[in-house]
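Q: Structure provided below as structure tokens; questions to follow.
None of the figures in this text is laboratory data; all of them are computed from the coordinates on show. Keep in mind that this is a model prediction, so the values were computed, not measured. Cβ atoms come from the backbone with ideal geometry, glycine included; neighbour counts cover every protein chain shown.
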Amino acid sequence: MKFTILSVVFIVLVILIAQIIVPDPYNWMHNTISELASQGYAYKWVMQIGFIGFGVLLSIGAITNFRQEGKYRFLHLPLLIYASGILMAGIFCTRPFVDGIPYSEVEARLHSSFASIAGFALSAAILLYILTDQSRRRILHAISLILVLGLSITFGLASSYAGIVQRILYLVGFSWLIFIYNSPISSLEEI
């Protein structure tokens, strides 16, 4: 569980650093967090470290939790897929946020595919908690899933404010990871 919190704190700090050093054409309201690691950008490595570090730390946490749990072991598998998707999205970069810079369309598609896999895996993890958790936290899982799905749809439709929508989406996902997923699994049996 410590790795879950550490992974979120790590990526949030990296996002803040990457946001501070990004040049003027980047606008946090319109541009995505992924674009902080876009192809052709001199400081893309900062955000790449963030994505890869987050993926590694969250993977360690998911594997640790998987090994320690008995009956609810399966709940950690989607989180491992989510972490791996973010890690791979950090290796393959999205297209540049500035027009006219040559880039690899294949790499951009790979980034998008891994980011989508991560999003589906996070949604699957939350859904599994809805189906498994017998406590009142089930409502929090349901609210989290509705927000994740709604924001994901909005992200695809509101391209002019994609940066804002994605940051809210990250906030919801990170909040779920820290405050809900991070709760002891043994308390799932509480009614």
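Q: Using per-residue counts of other Cβ atoms within 10 Å, averaged over each peptide, order 157-168, 115-126 from highest down.
A: Details: 157-168: 15.8, 115-126: 20.3.
With the highest mean Cβ count within 10 Å placed first, the list reads 115-126, 157-168.
Q: While we're on this one: At a 10 Å Cβ-Cβ cut-off, how would you order E35, E105, fewest neighbours first?
A: On the way: E35 26, E105 9.
Taking fewest neighbouring Cβ atoms as first place, the list is E105, E35.
Q: Give me M47, M88 sorted ascending by neighbouring Cβ count inside 10 Å, so fewest comes first.
A: Details: M47 26, M88 19.
Listing M47, M88 from fewest to most nearby Cβ atoms yields M88, M47.
Q: Using only Cα atoms and rounding to the nearest 10 degrees, what angle (0 to 90) does helix 44-68 make with the longest principal axis of the chain?
A: Computed tilt is about 10 degrees.
Q: Something else about it: Return Y129, Y170, Y103 ranked ascending by Cβ neighbour count within 10 Å, so the fewest neighbours appear first. Present the calculation step by step, with values, prior to reporting the outcome.
A: Numbers: Y129 25, Y170 17, Y103 14.
Result, fewest neighbours first: Y103, Y170, Y129.
Q: Based on alpha-carbon atoms only, what is the radius of gyration of the stretch 7-140 relative to the globular estimate 2.2 N^0.38 Å? Please list the in-between numbers first.
A: Numbers: Rg = 16.7 Å, N = 134, 2.2 N^0.38 = 14.1 Å.
Computed over Cα atoms of the stretch 7-140, the ratio equals 1.18.
Q: Once Rh is set to the Kirkwood radius over Cα pairs, what Stokes-Einstein translational diffusion coefficient, in µm²/s, holds for the stretch 85-191 at a temperature of 10 °C and a viscosity of 1.306 mPa s? Present the calculation step by step, with values, prior to reporting the outcome.
A: Details: Rh = 15.3 Å.
D, rounded to a whole number, is 104 µm²/s.
Q: Still on this model: Dipole magnitude of the chain about its Cα centre, charges +1 at Lys/Arg Cβ and -1 at Asp/Glu Cβ only, in debye to the nearest 20? Walk me through the numbers on the way to the answer.
A: Values: 11 positive and 9 negative charges, 87 e Å.
Using only the charged Cβ atoms, the result is roughly 420 debye.
Q: Ok, one more. P(r) of the stretch 69-115 in 10 Å steps, Cα pairs, percent per bin?
A: 27, 35, 20, 12, 5, 1
Q: Trypsin sites (Lys or Arg not before Pro), restricted to the stretch 129-159: which are DSSP loop and have at most 15 other Cβ atoms within 10 Å? Kindly include the intermediate steps, with their values, before the conclusion.
A: Working: sites: R136, R137, R138; in loops: R136.
Filter output for the stretch 129-159: R136.
Q: Over all directions, average the projected area of the Cα convex hull of the stretch 41-107 and note it in nm². Write out the running numbers ahead of the final one.
A: Working: hull surface 20.0 nm².
Over all viewing directions, the stretch 41-107 projects a mean Cα-hull area of 5.0 nm².
Q: Between W45 and S160, how many nm apart are label points set 7 Å from Cα along the C-beta direction?
A: If labels sit at W45 and S160, their model points lie 3.8 nm apart.
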